[in-house]
Amino acid sequence: MAARARLLELLCERVLSTRASIGDKWPVDADRRDGTWTTTTTPDWTWGLWVESLRLVGERKKMPERSEEHTSELQSRETIS
């Protein structure tokens, strides 16, 4: 269980660092050499993965702002559809 908890912690750290580096854009992929993110302002296939990642981090790290961002993105996406 300790290994699982550590892996979840690393995942949370990565999501938070990605969020900090890209702002309100959507991550598409990262350069393998330097980690620089390619982003988009119009989510495509990344939408569900990113929004759910924010929700998981919000719940795990007790960061309501990430969970609220998740909810906000879901609501705006439903309006677009």
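The values are calculated or read from the model by the stated rules, or taken from the named source; none is laboratory data. Note that this is a predicted model, so its numbers are computed, not measured. Side chains included, ligands, DNA and RNA excluded: accessible areas come from the protein's heavy atoms. Shrake-Rupley method; radii C 1.70, N 1.55, O 1.52, S 1.80 Å.
Sorted from largest down, give the three principal axis spans of the alpha carbons of the stretch 1-49, whole angstrom values.
So the extents along the principal axes, rounded to whole Å, are 38, 26, 17.
Using a 1.4 angstrom probe on the protein heavy atoms only, could you order ASP34, ASP44 from most to least accessible area?
ASP34, ASP44
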